[in-house]
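Encoded as structure tokens, the structure appears first; notes follow it.
Please treat every number below as a calculation from the coordinates, not as lab data. Remember, it's a predicted structure, so these values are computed and weren't measured experimentally. Quick reminder, even Gly has a Cβ in these numbers, built from the backbone with ideal geometry, and neighbours come from all protein chains shown.
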Amino acid sequence: MPFIDKSKILILATHGYERSELRVPLDELKNRGASVKIASLDNDPIKSWDKKDWGDTVNVDLLARDVNIDDFDALVLPGGQMNPDILRHDTDAMRVVREFVASGKAVAAICHAPWLLIEADAVRGRKMTSYISIKTDMKNAGAIWSDEAVVTDKGIITSRNPGDLQPFIAKIVEEVEEGRHERRAA
């Protein structure tokens, strides 16, 4: 069970991530002492979506295809509409998500990012939340959906939107420090 200041966190994202949903966890977790790396589909900096237009970029530390989940304590999946929609069609990205779910390590998805959990067949029978527009997707995939800021089910953390970032981050810290969770694999 690692303390947050000794933990290693992976953020998986690509172009079109919701700016605040990557930047705030990245900064907050680093400020608490965690080592945070960003994985993506290629080595080029990835561009955010900030409210109504393209925002700034963030550098990529490693490729999704090169991720070894044994090197990390948790996975964070920022939302936005484009980011998870692109990632859920990528074999390497989905391998990362499935392996983290199967490992029992903390997995945190906000906004539209639970689409990745749907694609990984990791929502069936689990208590979850998401951005309201994918509520039906979540329910159709078998999630027990609830309109709450943060919902956690055996180390899988879901949240609704940027307004929920502070409780989302607090729950990531809590779940990382609890260590692995016994749960069924995706």
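Dipole of the range 4-178, Cα-centred, from +1 at each Lys and Arg C-beta and -1 at each Asp and Glu C-beta, to the nearest 20 debye? Write out the running numbers ahead of the final one.
Details: 23 positive and 30 negative charges, 74 e Å.
It comes to approximately 360 debye.
Largest first and in whole Å, give the semi-axes of the range 68-177's equivalent ellipsoid, each being the square root of 5 times a Cα gyration tensor eigenvalue. Show your work: numbers first, answer last.
On the way: eigenvalues 65, 55, 33 Å².
Each semi-axis is the square root of five times an eigenvalue, giving 18, 17, 13 Å.
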field: Between the range 132-186 and the range 28-86, the Cα center-to-center distance that results, in Å
entry: 18 Å
query: What FRET efficiency do you get for Ile144 and Asp61 if R0 is 30 Å and r is their Cβ-Cβ distance, rounded to the nearest 0.05?
result: 0.30
statement: Checking Ala141, Ala39, Ala93 against a Gaussian network model of the chain (alpha-carbon springs below 10 Å), the top fluctuating residue turns out to be Ala141
- line: Rounded to the nearest 5, the percent of antiparallel DSSP beta bridges in the chain equals 25 percent
- prompt: Which of Asp56, Asp153, Asp44 moves most in a GNM of the chain, Cα contacts under 10 Å?
  reply: Asp56
task: Quick one: net charge around Arg65, please, counting Lys, Arg +1 and Asp, Glu -1 for every other residue with C-beta under 13 Å from its C-beta.
output: -4
query: When N counts the residues of the chain, how does its alpha-carbon radius of gyration compare numerically with 2.2 N^0.38 Å, as a ratio?
result: 0.90
query: Out of Lys139, Lys52, Lys105, any idea which swings most in a Gaussian network model of the chain, alpha carbons joined below 10 Å?
result: Lys52
- prompt: Taking only C-alpha pairs under 8 Å that are 6+ residues apart, what is the relative contact order of the chain in percent?
  reply: 22 percent
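Can you tell me the mean projection area, over all orientations, of the convex hull of the range 6-96's alpha carbons? Units nm², please. Could you put the intermediate results ahead of the total?
Values: hull surface 21.1 nm².
Its Cα hull, projected and averaged over all orientations, spans 5.3 nm².
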